[in-house]
Each structure stands twice: as C-alpha cells, then as structure tokens.
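Every number in this text was worked out from the coordinates using simple rules, so none of it is lab data. Just so you know, these numbers come straight off a predicted model, no measurement behind them. Glycine also receives a Cβ, built like all others from the backbone with ideal geometry; neighbour counts cover every protein chain displayed.
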C-alpha cells in the first residue's frame, strides 16, 4: 500500500474573531500517531476540526502525500469527536449501517489500510453485538461511545482524527479502543489524537500546543486601531 | 447511489418516528382549518370563497412547524459534522433531506387536503385544484424553509425566527398557489398562468434552497 | 489611495473622521433647501391640495429603502466572496437604516393614503411589497442579534440577504401581478418626465438630501459597529490574557479566606 504522509505547515485558525492556532507545523506518516497535547482551550479540537475541513483555516497548508489527489484530506479521514452522531430511535444496526452506506463509496481508494469489517463483526469486536437490534437510545454512555467507534471500523479510511477519544469510557472500554487504534496504526493507518490524558499508543509523536500569544491578524483586534482613539483624546484635550 | 437511498430512508424513518411524525403535522393542519370558521363564522358561502386560502395557509403553517428540527437535530447529536466532512455533496444531502422530510410530513398534508376541503365547503372542482396546487407548491415551501432552517441551525430557539425569515420568501408561492386554486376551471388561463408560475417557483426552489441551505450549514460548522 | 487601502478599518475610520463633518453639513443643507422647496416653493396640487407635499418625503424614502437593500446585498457579496470584515460591517450597518426608511415610506404612504383613498391602508402592490420588505429587514436585524459570533452572523446574514434579493424581485413581480391600485411609475419615461418641473425639482432635491442622509448615517453606523467589534476583541483578549496575574491573586487571597 501507499505510504501516506499528512503535512501541516503554518496552519492558523480564527474562532469567533480570536486566533486560536498559529504557525502549527507537523508531519505524520503511515503507521504513526500524533498526540496533540496542551491545556484546555489551546486549540486541540480546533486543529482536528481544521484538518477535518469543518473549520476554515486562516493560513497555512494541509496536504496528504500519497493520498488520492482528487479527494480532500477530510475525505481520507474519520472524525471522532465529542458527539456520537447516533439517532436514539433507530436501532444500533440501523445507525451503523447508515454511516457505512453514507461513507463507503467515498472511502479511501489509495490502497486499503485493511479489509473493512461487517457491521456485526465490528459490533462484536467492541462487545456490543447483543444490542444490534435494540434502539440506540437504550445504550449506556460507554456503549454509545463504542457504537460510535464502530463507524471507524466498518468503513476504512486511513486517517483517524480523534478528539479526546477516551473521555466517557471506563477502563475496559478504553483498553478496547486503544487496542483498535493500535491495530489501525500497525496496519499502516495514521492517527491524530487530541487529548489531555496520556494515551498508550505505538509509534507516537507529540505536538505540544501552547496558547497563542501573537497578536491576531484579525482586522478588529489589530493594535493600530488604538491610533483612532488616541487621536480622539488629543482632540478633546 | 446507495448512500442517497440510505440517507432518504433514514431521514424518512426519523421524520416518522420523532415527535409523532406525519400525524402531528396533519393534526396541526386540521386545528388551523378548524379555527377559521370560529373566527369568520359558519357561513358556508364565505368559507367556500376563502377555503383555498385557508387550506394553503394551514399547509404553510404546518410545514413551518416541523422545519426547525430539519438540521438542528443533526447538529446537536454530531451527525451534521459527519455529513459536512464526509466528502458528499452537501447540497445533495440537503436536497435528499428535504425530499424525505416532504415525503414524511408534506405529502400527508396534501393527502389530507381533500378531506379538510369538505369542512370549508369546496366543490369537487375546487378540491381537485387545491390538492393539485398543494402537491406542486408545498415542496417549494419545504425547500424555502430549508434555507431558514440552515440559517437558524445554531440557535436554540430558532423556530420563531425561522418563520419570520421564511414567510416573506413564501409569499410568492402563496400568491400563485391560491390564485391557481381559486381559478375555477382547470383548462382556463386563469388557472394555467399562476399554476405554471407555481411550478417555476418549485423548480427554482430546488436549485436555490439546497445551495443556500448548504452554504449556511457550512458556516455553522465553524 | 486605492479601494484596497480603504478596506483597512483604521484607514476607513480616519476617512470617516475626515469626511463626516462635511457630510453632515451637506446633508443638513440639502435637507433644508429640499424641504424649503417642497413646502414653500412647490405649488399645491389642484386635486390633492397640500397633501401632495407628503410625496416629497414618501418617494425618496421608498427609493432609499430599496437602495439600502442594494447596499446590503452588495456588502453581502463582499462578505461571502472576499470574506472582508468591513463588508460585514457595512451589511450590518445598512439593515436598521433600511428598516427605518422602509418604515418611513410605509408611514408616509399611509398618511398620504388617508386623504387620497379614504383609508390608511390598502393592499396595493407597492405598499404590500414594502411591508414584506420591512418584515425582511426586521428578520435580518433579528438574525444579526441572535448569533453572537459576528463573523458567523455575517455569513449567515449574507446568505439570507442574497436569497432575499431574488425574493424581492419575485415579490415585486408577483404582488404587481396580484393587484395594483397605484399609478404607473411616471418619473422615468422615454419621452421625458410627465411631472411638471415645479414638482420635479424639489423632488430631486429631496432625493439628493436623502441619499446624503443615507451615506452619513451609514458611515456613522459603520464607525459605531467597528468600535463595537474593537471593544469585543479587547474584551476577548482581556479574558484570555493574564492567567499568571490571576493565579497570584488567588494565592494571596487564600490565607485571607482561611482566616
């Protein structure tokens, strides 16, 4: 299979008129994990959302070497965020089958990371096969999280963008999830995970984000606006 | 193509399962039509004159009622993020969601129209015309409403604002819809001219609605 | 100075500061001259009497109501295509002014309508269109207020404004098709104006005065909005900066609390 390399250079991002990311550079290749660390509010989630194409970047480039050129980085990626994207009134299997159908043909074509699992295999791997025909609303928080992970298994995409993947999981579920992420890495996938907890993963690189101190390039935050107000004061004085 | 079918089926099922589904819209339609005679009096001649308008306004309000959840539910549970980043055409996703929403909630309104027409004393000819115009025009209401739903998706109580934004957009649809419905005869120009305009508005909505709603949804991903 | 330089808020504010006093003087002067001609020079109508003078407010207000929407739509294109914050500011500043002119047009129309048609309100094509326009303006103002993040609000408003442009055209057409009581437009005609120049000159003066009034109000409103955003940016910076300072105050305060 192709060797992939996700390259971010000088990535910057504004949220709500404030710069939350500035000059973020990193490279992750196949069979590697990048752990994005930093205190709360430092832009870990924003970085993942920028890579996933959910938030527009203000600056910089994000490229995937070895990927399908006609598809965006986001189309090579699974995004696993805080929300489970489950419909409580649909059955577990209906939920999973929908996301499989919805993602499948657009899935990664530049060499498969590995064969996709069937829905039931995925549920079985995650230990929730017995819930397949039940409405997703009956699942516990941990089970819902596992069902959400199952989406990543039924459609193979090489990049996994994981935002606090172990939150809301008990010890056992965490072990299962970490095992699946490790499998994905060993199979040649690449992982970008934002977390404030230590994650025990193979081939790990770290990216430490610190709060943005440089002045935002956003128009209304510019210091040069002070001139206007200073002049006013002089006029009055 | 199978993803489109899957999306349509899921949206149709959810629209039917959540909050009483089609029944609740039809019930609201019935309630709106019922209060008119209490307001204007049980004068069957007057009611049959304004009956087409009552039915159209009832259908408009019923359509608006369910629209605020069109994208909001997906935003709240995180589905919207996945729909946006999947690489699928978001415009097409919006169009399919609108189609499923209309099939689940709009079509029952059209089917209920002949029955409700009896309450306002319409004759057979008028019943046919009102039902036909709603069948052609109500999708335009959903499509225009999708723009409002996309724009207000991030608001917790966006329903009222959605209606305020959408009602001006719905006025031309109402004008041509009611004009065609009250024309009297199906083979006259009085019917054909507004009816063709109504068709044009629906086709127009098919283009503008998904484009504008998808643009609004992309903004909300920020 | 190119247009691009003007697009910088600081330069824009400097320009506003330099131009605004002159604009205010010009607006007041034009309004004074316009109103003088409208009320004292223009003859009264042989049928309508003095009430015809309402036209000198009604017609320019109606023109401005549409001009504001055009301004808002152009700014919206600027927001969506060039993603320029000043375009956002311009769109946001236009909406309340447009709503005010639309209200003025409706109000003067109603006051004029009473002696003309014997009623304050008729569902005439133009009045109806303007009522819909007013609802659209108020909806857009409400949408601006409902979304906290100004950049997101600008994009969402730009989308609804541009959909509204198409809608305004369809509404105008459909409502005219629906019904009309008004006279056909009589100012612009291929064979020259049908109105006598004694009325046309004051009308032109008032139209000019209203345009100046709009430019003045729009610039002032944009200036206020830039300042409002500046304050917002400062507040956000105040909230994000100074974790070191706050932690030291906590340690100082702790013994006092323990006591």
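Dividing the alpha-carbon Rg of the stretch B:56-118 by 2.2 N^0.38 Å yields what?
1.37
Calculated FRET efficiency, residue C:228 and residue C:25, Cβ-Cβ r, R0 30 Å, to nearest 0.05?
The pair residue C:228/residue C:25 has a calculated efficiency of 0.70.
Take the Cα gyration tensor of the stretch C:1-150, multiply each eigenvalue by 5, square-root it, and list the three semi-axes largest first, rounded to whole angstrom.
Rounded to whole Å, the semi-axes are 34, 22, 10.
Suppose we take every Cα in the stretch A:1-40 and form the convex hull; what volume per residue is that in Å³?
Spelled out: Cα convex hull of the stretch A:1-40, divided by residues, is 88 Å³.
What FRET efficiency would be calculated for the residue pair residue A:182, residue A:132, taking the C-beta separation as r and a Förster radius of 35 Å, to the nearest 0.05?
0.85
Hull surface divided by four, with the convex hull built on the Cα atoms of the protein assembly as shown: how many nm²?
Average projection, Cα convex hull of the protein assembly as shown: 41.6 nm².
Listing B:83, A:93 from the residue with the fewest other Cβ atoms within 10 Å to the one with the most, what is the order?
A:93, B:83
Given points 7 Å out from each Cα along the Cα-Cβ axis, report the residue B:203 to residue C:36 separation in nanometres with one decimal.
5.8
Quote the FRET efficiency, to the nearest 0.05, computed for residue A:40 versus residue A:63 with a Förster distance R0 of 35 Å and r equal to the Cβ-Cβ distance.
The calculated FRET efficiency here is 0.75.
Using a 10 Å cut-off on Cβ atoms, rank the peptides B:157-167, A:131-141 from the highest mean neighbour count down.
B:157-167, A:131-141
What percent do you get for the relative contact order of the stretch B:121-191 when only Cα pairs under 8 Å and 6+ apart count?
42
What share of all Cα pairs of the stretch C:122-179, in percent, falls into each consecutive 10 Å distance bin?
Final binned percentages: 23, 43, 24, 9, 1.
Put a dot 7 Å past each Cα toward the Cβ at residue C:220 and residue B:73; how far apart are the dots in nm?
4.9
Of all DSSP beta bridges in the protein assembly as shown, what percent run antiparallel (nearest 5)?
The answer is about 45 percent antiparallel.
Summarise the partner chain shielding of B:202-212 as one whole number: the mean count of Cβ atoms from other chains within 10 Å of each residue's Cβ.
1
With n ≥ 4 as the cut-off for DSSP H runs, can you work out [θ] at 222 nm for the protein assembly as shown, using -39500 (n - 2.57) per run divided by the number of residues, rounded to the nearest 500?
Computed ellipticity for the protein assembly as shown at 222 nm equals -21500 deg cm²/dmol.
Based on the mean of other beta carbon atoms within 10 Å per residue, what is the order of C:74-83, C:54-63, most packed first?
C:54-63, C:74-83
What is the percent of Cα-Cα separations in the stretch B:2-220 that go past 30 Å?
So the pairs more than 30 Å apart make up 23 percent of the total in the stretch B:2-220.
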